[in-house]
Every structure is written in C-alpha cells, then in structure tokens.
Amino acid sequence: MTHTLMSSDSIAAPRVSYNSVMGNKNWFLKMASSVVGENLTTEETLMAAQNHIQQLRNALHNAQEENEKLKQEHEEALQFILGEQQKSMTTLVGTHRATEIRLQQALDEIDSLKARFQHHMGHQADENERLMKQIEWLSGTIAHDMRTPIRAIDAYTFFLEDDLGQALTDDARKSLAEVRRNGHRMSVLVEGLIEYMRISLVPVLNEAVDVGAMASVLLAEHDFTHQVNVHGSLTLRTDRALLDRALKALLDNAAKFSAMQGKPVIDVVLDAANRRIEVRDNGVGFDTRHSDKLFRLFHRLHGNDEFAGEGVGLALAQRCLQRLGANVQLVRTGDITCATVQWPAQTD
C-alpha cells in the first residue's frame, strides 16, 4: 500500500461549530483545561474560563489601544521637539548672523577710528613740533630782545643819578629809584618767563632718584633758616633736574610764607607706599576761595608789600611736575599749608 505524505500546510483544519463543541462537553472541557491549565470538570468552571479568556482579550485590546495612543503621543511629542529645535536653530542662525554683522560693523568702526586717530596723532605731532620751535624761538627772542632794553633802563637811570648828583631833588631821586625798581621787577618777570618756557623744551630723563637725599642736599645748599624736618623715604624713577627744581620751588614757597611766624617749621613727608611727597608749613596760608589761581604764572594772592616774589615759583613747580607725569595741589587745613605731589601708581 502506498502512503502519501502531506505537508502541514496542506492539511485543512476541520471546521467545528459552536453547537457541536458545546454538544460534546467532555471534549470541550478537556480542551479548555489544556488552555487555562486547570482541570475544568463543571459547566461553571467552563463559563469562568470563558469569562477569563474574554477579559484577557479585552485587556489585550485595551493594551493595543493604549499602545497606539502612546505611539501617537510619542510621534506628536517628537514632531513638536523637532519643530522647536528647528525654530531654535533658525533663531540661533539668525542671531549668529546678526552678531557677525554687528561685530563686523564694530571692527570697521574701530578701523575707522584708528585711522582717524593715527591721522590726528600725526597732525598733532607736527603741530607740537611747530609749537616747540615757536617756543624755542620766542624764548630766545625774549632772552635777547627784552633783556637788553631792561638792562639799558637800569644802567641809564644809574648814570643819570650819578651825573646829576646833588642837583637831583628828592622827588626826582625817588622817581629814578622807582624806575630802577620796576626795571628790576621786569627783569625778574622776564627771567621767570624764559625759565617757564624752557622747561617745556628740555628732554625728560629717567633715572633712580632718592628724594630724601635730594631734599637734604637742597637744604644744605640753600641754607634754609627754618626748622626743616624730613620724614620717611622715597625713591622714584624720574628726571633729577626737573624734580630738584620743583622741590626747591615748593620749599622756597613754604619758607617765604612761614617766615613771619614766631617758630616757623617745615616738614617734608615722603610716602613710598603711596608715591607721594608732602611739603607742610605753619605759615600764613592763603584764601582757599582762590586756590584755583595758586599755580598761575605771575599771579599772586598777597601784595608786594607783604611778601616778595612775582608769582613764578609755584607755576614753575607745577610745570616741572607736569612734565614728570605728577600732579601737585596746595591745601590749607587748620594752621597748616600742605603742598602734595602725587605720582601715578606704578605699573609693571
């Protein structure tokens, strides 16, 4: 006998109706027992199994719906995130581009300002050179052309007084003395103006200067009759000649205006930590309402009958210190007048 083998795909599953299954309860109970893993021997247990299977189907259906819902929400969230990222990228690119444009505009403006500044500095350098030449010419002209007539006035009034001798009346003699006195004053003014102008022309050197030692030498050379005390120490890199001239002018000013005191005292305070020099005196001081005029050339706050001088010393001191990059101011506190010279903070 010949047996024909058939594949499992070719075997058609028998169609079993619900009624036929229910009609054969024993067979159905066996099948149901094998599905639920329990021994179903009664109709009640069969119904419970059917209900359990239906619940599983419902749960599976609900899970599938929930899964679809979660997938949809996930897709929507993903689309929203991608959209926001796209917006952010678009905004970022736009901002970056705008920043690049502003940066380029700023760089162009800097280049323009730099070019204008260089042009201005070149023009200013030329102008300064012309000005310096004019100052040099003017100082030479004043030194020669103004000194000569002043000397002539002094000399001829002396000769006139000597020639006339006893023939001069007292009033005439006083007039000649007044002419000579004013001629001498004019000579002092001219010399002060020449020195003031030449301070702007001298080159500024840079060397280590012991300010305390400089003050001691100045006091010894100029024989100050006041009690002068030097406190502290200070060494600066600066121009020795200009600082010497400024310090002498400040000491002269302090000595002049404290000379009328019963016990004149001058204190020179050197502050290395703050790069500062102070010259203090217990003199008559000044009216603080006119403190802005103290350093003006030829300007005086006291009359000629009170104190000698032509208003040159403090102006020379300030000009010297300006060329050294320092600042000077004069203040009155109580009975003490203090000239403070401040150097800028030292940089590395």
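Read the figures in this text as sums done on the coordinates, not as results from a lab. Quick caveat: nothing in here was measured; it's all calculated off a predicted structure. Quick reminder, even Gly has a Cβ in these numbers, built from the backbone with ideal geometry, and neighbours come from all protein chains shown.
Its relative contact order, with pairs defined as Cα atoms under 8 Å and 6+ residues apart, puts region 143-287 at 19 percent. Taking 0.36 nm per residue of separation and subtracting the current Cα-Cα distance, fully stretching the chain between E161 and E44 would add 26.0 nm. Between L56 and K114, the contour length at 0.36 nm per residue exceeds the Cα-Cα span by 12.5 nm. A Förster radius of 22 Å, combined with the Cβ-Cβ distance separating V269 from L297, puts the computed FRET efficiency at roughly 0.20. For the pair D170 and L205, the difference between a 0.36 nm per residue extended length and the Cα-Cα distance amounts to 7.1 nm.
In this structure, the pairs whose alpha-carbon distance is over 31 Å, taken from K174/K256; K87/K114; K114/K248, are K87/K114; K114/K248. With the simple spin-label model, which puts each label point 7 Å out from Cα in the Cβ direction, the K71 to Q104 separation comes to 5.0 nm.
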